[in-house]
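The values are calculated or read from the model by the stated rules, or taken from the named source; none is laboratory data. Source: prediction; values computed, not measured. Cβ coordinates were reconstructed from backbone atoms using ideal geometry, including for glycine residues, and neighbour counts include every protein chain displayed. Ligands, DNA and RNA are stripped out before the accessible areas are found, and what is left, the full protein with its side chains, is counted by its heavy atoms. Shrake-Rupley method; radii C 1.70, N 1.55, O 1.52, S 1.80 Å.
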Amino acid sequence: YERLTYDTPHVAFASIENMWDRTLTVNGFSKAFAMTGYRLGYLAAPSHIAKSAAKLQGQITSCASSISQAAGLAALTQVPPSWMQATVQAMREKRDICMQALADVPGVTCTVTPEGAFYVMPSVESHFGKRTPSGLQIDSSESFCTAFLEECDVALVPGDDFEAPGTIRISYAASRQTIREAISRLKTFVNGLT
């Protein structure tokens, strides 16, 4: 996500004085270059560690497909910085749309504005102990997400999967219209809980 930061620039650990020889950077192309599914990543490390990692990796799996490798090379050499700047600006706007819409949803609180990536993780704990109109009990972020999917056809991810119990993860890597519609459905959903 280092390329998808909004207001605070990313600082790589390895760029800090005396840290290169003590830092392993593991990264991929899925998020910044919108290459999900290509399953292409890399390790940047001091050569003695990189060589050992390559030996281990060679015994665990073969290699990334030639198509993925060509796509990764194109991403690094042919994607102009202006594309990344436009992508970051678009994601910032979508983040702001998402945050503004969530502020209107009763009992869904988002105390942290994302500084990068494309997820927001609001708390839904105030709705624990409630029921949906069809009788589904909400007692965790997982049951909240399950009920929301079943009743409103919108998929969310429980925050428990990210060590953030009581929250839900919403991706705003979608069209502005989809974001607004999903959060409108979220508002209708929570307003129907008793």
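Tallying residues that are in contact with a helix residue (DSSP H, G or I) (Cβ under 9 Å, 6 or more places away or on another chain) and either assigned to a loop (DSSP other than H, G, I, E, B) or more than 23 Å from Gly135 (Cα to Cα) (or both) within the range 161-170 yields 6. Could you please let me know if Ala64 is assigned to a loop (DSSP other than H, G, I, E, B) and open to solvent by less than 100 Å² (accessible area, probe 1.4 Å)? Criteria met by Ala64.
State which residue is nearest to Phe128 (Cα to Cα) when the search covers only the range 68-90 and only residues that are in contact (Cβ under 8 Å) with a residue 24 or more places away in the chain and of a type outside the set (S, T, N, Q). Write out each step before concluding.
Here is the first cut: in the range 68-90, the residues in contact (Cβ under 8 Å) with a residue 24 or more places away in the chain are 68-69, 71-72, 75, 79, 84, 87-88.
Checking the rest, the ones that are also of a type outside the set (S, T, N, Q) come to 71-72, 75, 79, 84, 88.
Values: Ala71: 45, Gly72: 44, Ala75: 44, Val79: 46, Met84: 40, Val88: 35 Å.
Here the residue is Val88.
Output the residue which, of all residues in the range 1-33 that are in a loop (DSSP other than H, G, I, E, B) and without any contact (Cβ under 8 Å) to a residue 12 or more places away in the chain, is surrounded by the most Cβ atoms within 10 Å (Cβ to Cβ). The selected residue is Ser30.
Are any of the residues in the range 113-133 over 26 Å from Thr5 (Cβ atoms), touching a Lys or Arg at 6+ places or on another chain (Cβ under 7 Å), at pLDDT 95 or above and of a type in the set (S, T, N, Q)? No: zero hits.
When you look at Ser184, is it more than 21 Å from Thr36 (Cβ to Cβ), under 22 Å from the mean Cα position of the chain (by Cα) and either at pLDDT below 95 or part of a helix (DSSP H, G or I) (or both), yes or no? Taking the combined requirement at face value, the residue satisfies it.
Of the residues Ala173, Ala147, only one is outside any loop (DSSP other than H, G, I, E, B) and among the small types (Gly, Ala, Ser); which? Break it down stepwise before answering.
Working: Ala173 fails: outside any loop (DSSP other than H, G, I, E, B).
Result of the check over Ala173, Ala147: Ala147.
Of all residues in the range 91-136, those satisfying the criterion of being in contact (Cβ under 8 Å) with a residue 12 or more places away in the chain, open to solvent by 20 Å² or more (accessible area, probe 1.4 Å), part of a loop (DSSP other than H, G, I, E, B) and aliphatic (A, V, I, L, M) are Met121, Leu136.
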